[in-house]
Amino acid sequence: MPISSALSLKQLLKETKRDWDHDGIPTNVRENLWKVMNCGTAALGAEVFASPTEIKIIYHTCKSRFCHSCGARSAAIWQSEVELAIPDIPYPGNQSHDATRVLAYISAESSFAE
């Protein structure tokens, strides 16, 4: 079956599942592809919020770093943590400061070095 260029990632994973969901593909790869394919759907579960006049269903996300949605969010959070941990000091190429030589050391105990 030809694959349309207008497919979303989820649609692409669903249409090509027979190509990646078998014993020849490492389990961790299959698990992450399955998570991404099912991110934000009932397959991963949901929370139901109800009032006398309305019901709202919030589907769980996959939290995979490979997901275009969850992974981007995780990367943005990690980047902001790193930016907060690194001191704002002058370095070559930083237009807001005079160019100076900087030697940076990030300890293994840092929260973002894990």
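Does Ser74 satisfy the condition of being under 30 Å from Asn28 (Cα atoms), surrounded by 11 or more Cβ atoms within 10 Å (Cβ to Cβ), modelled with pLDDT of 60 or more and in contact with a Gly (Cβ under 9 Å, 6 or more places away or on another chain)? Against the criterion (under 30 Å from Asn28 (Cα atoms), surrounded by 11 or more Cβ atoms within 10 Å (Cβ to Cβ), modelled with pLDDT of 60 or more and in contact with a Gly (Cβ under 9 Å, 6 or more places away or on another chain)), Ser74 does not qualify. Out of the stretch 4-58, which residues are over 22 Å from Ser69 (Cα atoms) and among the hydrophobic types (A, V, I, L, M, F, W, C)? Hits for the stretch 4-58 are Ile25, Phe49, Ala50, Ile55.
Could you tell me how many of the residues in the stretch 20-70 are in a strand (DSSP E or B), of a type outside the set (Ser, Thr, Tyr) and in contact with a helix residue (DSSP H, G or I) (Cβ under 9 Å, 6 or more places away or on another chain)? Walk me through it before giving the result.
Initial filter on the stretch 20-70 (in a strand (DSSP E or B)): 46-50, 55-59.
Checking which are of a type outside the set (Ser, Thr, Tyr) leaves us with 46-50, 55-58.
Narrowing the set further to residues that are in contact with a helix residue (DSSP H, G or I) (Cβ under 9 Å, 6 or more places away or on another chain) leaves 57.
Count: 1.
Scanning the stretch 1-55 for residues that are among the charged types (D, E, K, R) and surrounded by fewer than 10 Cβ atoms within 10 Å (Cβ to Cβ) turns up Arg18, Asp23, Glu47, Glu54. Taking every residue in the stretch 10-21 that is free of Cβ contacts under 8 Å to residues at least 60 places away in the same chain and pairing it with any residue that is part of a helix (DSSP H, G or I) and loosely packed, with under 14 Cβ neighbours inside 10 Å, at least 6 positions away or on another chain, the pairs with Cβ-Cβ distances below 8 Å are Trp20/Val29. The set of residues from the stretch 27-67 being over 20 Å from the mean Cα position of the chain (by Cα) and not β-branched (Val, Ile, Thr) comprises Glu47, Phe49, Ala50, Ser51, Pro52, Glu54, Lys56.
The values are calculated or read from the model by the stated rules, or taken from the named source; none is laboratory data. Since we're looking at a predicted model, the values are computed, not measured. As a convention, Cβ positions derive from the backbone with ideal geometry for all residues, glycine included, and neighbour counts pool all protein chains shown.
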